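These notes concern the structure reproduced below.
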Amino acid sequence: MIILVGTNITEAHPVAATFVKDAVLAGCKLIVIDPRRTDMVDFADTHVPLNVGSDVALINGIMNVLISENLYDKKYVESCTEGFEDLKKKAMEYPPERAAGISGIPADNIRELARKMASVKPAMLMYTLGITEHICGVNNVMSCANLQMLLGNVGFECGGVNPQRGQNNVQGACDMGALPNVFPGYQQVANADARAKFEKAWNVKSLPDKPGMMMPTMMKNLTTGKVKAFYVFGENLANTEPDIHHVERELQSAEFLVCQDIFPTETTRFAHVVLPAAAWSENEGTFSSSERRVNRVRTASVPPGVAKPNWWIFKEIAKRMGHDWKSNSAQEIWDNEVSVLAPSLAGIKYARLENDGLQWPCPSEEHPGTPTLHRDGKFTRGLGMLKAIDYIPPAEVPDKEYPFVLSTGRRLYHYHTRTQTGRCQGINDLLGEETADISAGDAQAMGIADGEMISVKSRRGEVKVKARVTREVPKGMVWMAFHFREACANWLTNPVYDPVTQTAEYKACAVKIDKLK
């Protein structure tokens with residue numbers, strides 16, 4: 001069984017989606033939990049069209065049934081987890097009737113869903129940004145983990161909680177320490193031993209013992225002057241961040257802005273310096289996938305003009321700051337630095353990365369890698385932590401003035417802000433403009449025809465865009481992507497963030513739509 005929660009996997013991860021479809025065709029059961037009727041619903045045994053942002057309430061309702069009807073994996077919970085009594089107490093506050101009132105899924109359907117989930121072991125749960133891009137994103141992920149541990153599905157092949165990462169090599173960036181609270185290999189900056197190790201390796205007198213700023217804080221501090229220099233590496237913030245008008249004011253405030261990218265973007269317009277980087281196919285290196293697999297990447301073409309590998313650019317900047325970094329290739333960086341300093345990657349050397357790569361943790365050169373984490377319920381932290389979590393609504397909900405909920409995501413043919421795909425004529429022929437997807441019921445009530453121009457307006461901005469009348473979208477929802485600049489959903493989205501991860505609530509804000517005369 002595969003449970004898809006908040007993931008339009010067909011369009012956001014089309015390669016992974018083919019494996020899910022193959023599994024279903026081979027007899028695997030599929031449950032799709034998503035407000036929209038995505039393509040994967042056609043393959044599913046069950047579609048659960050919950051209200052936007054109600055995931056915690058729905059999962060608490062499911063767990064209420066699992067516990068009340070004694071369907072949960074009692075042996076697993078007792079031997080492999082902690083915190084069950086607190087979780088049980090919280091789940092009892094969400095009987096199916098209450099969960100139904102919040103999620104929009106009938107109480108009897110919630111009961112049937114819980115029974116179905118308990119009927120197959122192991123079951124795999126997969127989620128994407130539909131779970132994380134909320135002010136309660138961390139709570140949503142923890143709820144998914146609660147559910148899978150309660151069912152006894154963590155630590156087994158074809159089980160687990162499986163995030164489909166937002167874009168290529170997000171996992172690798174995190175592995176390398178591109179987070180404000182850890183060094184490479186997820187070693188905490190608060191750990192004195194870790195700091196001492198990196199101070200010695202990097203030949204510096206001290207390193208911060210507290211996490212650095214997250215991106216929304218950095219950008220806010222551009223306007224206050226606290227952040228004076230801003231280095232944007234491979235991000236098109238002027239299109240990807242919520243409330244573009246405000247983002248542009250922040251970027252305009254930067255005293256010194258550097259962009260390192262493969263193409264000009266909306267963000268490079270604000271840069272004082274643009275450093276041209278080699279693209280993925282023009283460089284040697286490694287990528288890490290969602291399953292923690294480190295793979296080799298080999299040069300397929302020569303970088304154009306003066307474009308250089310990213311590591312080379314960083315090294316040259318460091319050189320001008322008085323540092324002589326010894327490694328002179330991606331292989332030397334990995335073998336002499338990464339694998340030496342990160343225990344979970346210690347056994348991964350370039351020579352071992354032929355064929356299908358290796359999955360960390362891989363602590364020694366004899367270790368085969370780790371395909372499945374927390375094997376047989378033996379968690380790396382000791383016991384799996386069940387956590388009682390309450391439902392909280394989105395920061396902005398529909399009202400009389402703005403009666404629709406806007407949710408955003410991706411379309412199959414384009415990627416992010418079209419920095420790459422927008423330069424491909426064939427892809428633009430397949431999808432050359434944005435639409436606002438609305439339900440047939442809403443379209444009929446407002447007299448809007450398919451393909452007609454409409455205005456979509458939030459408290460932050462307005463876009464004029466073609467309506468796409470579709471059965472995919474439920475009544476009361478407008479759905480848009482952020483691929484096209486003029487009709488980018490992020491002119492409208494709400495700059496509010498999860499308090500832990502500072503991930504923006506792209507999946508829910510209030511809008512109104514008007515038919516244009």
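Data table
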quantity: Test result for THR286, more than 19 Å from the chain's Cα centre (by Cα), assigned by TED's automatic domain parsing to the domain that holds ASN355 and part of a loop (DSSP other than H, G, I, E, B); calculated: no
quantity: Residue in the stretch 384-397 that is over 26 Å from the mean Cα position of the chain (by Cα) and either outside any strand (DSSP E or B) or farther than 26 Å from GLY285 by Cβ (or both) present; calculated: no
quantity: Residue among VAL5, VAL41 that is closer than 30 Å to HIS416 by Cβ and either crowded, with 23+ Cβ neighbours inside 10 Å or polar (S, T, N, Q) (or both); calculated: VAL5
quantity: Residues located in the stretch 309-343, provided they are among the β-branched types (Val, Ile, Thr), surrounded by fewer than 17 Cβ atoms within 10 Å (Cβ to Cβ) and closer than 27 Å to ASP193 by Cβ; calculated: VAL340
quantity: Criterion violated by VAL302 - all others in (1) in contact with a helix residue (DSSP H, G or I) (Cβ under 8 Å, 6 or more places away or on another chain); (2) under 29 Å from GLY185 (Cα atoms); (3) at pLDDT below 95; (4) not charged (D, E, K, R) satisfied; calculated: (2)
quantity: Residues being surrounded by fewer than 17 Cβ atoms within 10 Å (Cβ to Cβ) and either free of Cβ contacts under 8 Å to residues at least 60 places away in the same chain or closer than 24 Å to TRP202 by Cα (or both) - total across the stretch 353-374; calculated: 8
quantity: Within the stretch 187-217, considering residues that are free of Cβ contacts under 8 Å to residues at least 12 places away in the same chain and not in a loop (DSSP other than H, G, I, E, B), the one nearest to HIS323 (Cα to Cα); calculated: TRP202
quantity: Filter pass, ASP243 being on the phi > 0 side of the Ramachandran plot and not polar (S, T, N, Q); calculated: yes
quantity: Flag for ALA173 being at negative phi, of a type outside the set (Phe, Trp, Tyr) and either surrounded by fewer than 18 Cβ atoms within 10 Å (Cβ to Cβ) or in contact with a Ser or Thr (Cβ under 9 Å, 6 or more places away or on another chain) (or both); calculated: yes
quantity: Sole exception among (1) in a loop (DSSP other than H, G, I, E, B); (2) at pLDDT below 95 for CYS174, by number; calculated: (1)
quantity: Single condition VAL274 does not satisfy, out of (1) under 23 Å from ALA487 (Cα atoms); (2) free of Cβ contacts under 8 Å to residues at least 40 places away in the same chain; calculated: (1)
quantity: Which numbered condition VAL48 fails, given (1) hydrophobic (A, V, I, L, M, F, W, C); (2) touching a Gly at 6+ places or on another chain (Cβ under 9 Å); (3) surrounded by 22 or more Cβ atoms within 10 Å (Cβ to Cβ); calculated: (2)
quantity: Those residues of the stretch 289-308 which are of a type in the set (Val, Ile, Thr) and either surrounded by fewer than 19 Cβ atoms within 10 Å (Cβ to Cβ) or assigned to a loop (DSSP other than H, G, I, E, B) (or both), in sequence order; calculated: VAL297, THR299, VAL302, VAL306
quantity: Per-region count, the stretch 212-232, residues within 21 Å of the chain's Cα centre (by Cα) and modelled with pLDDT under 95; calculated: 8
quantity: Condition met for ALA238 (under 26 Å from the mean Cα position of the chain (by Cα) and closer than 16 Å to LYS308 by Cα); calculated: no
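The values are calculated or read from the model by the stated rules, or taken from the named source; none is laboratory data. Keep in mind that what you see is a predicted model, and the values were worked out from it rather than measured. Quick reminder, even Gly has a Cβ in these numbers, built from the backbone with ideal geometry, and neighbours come from all protein chains shown.
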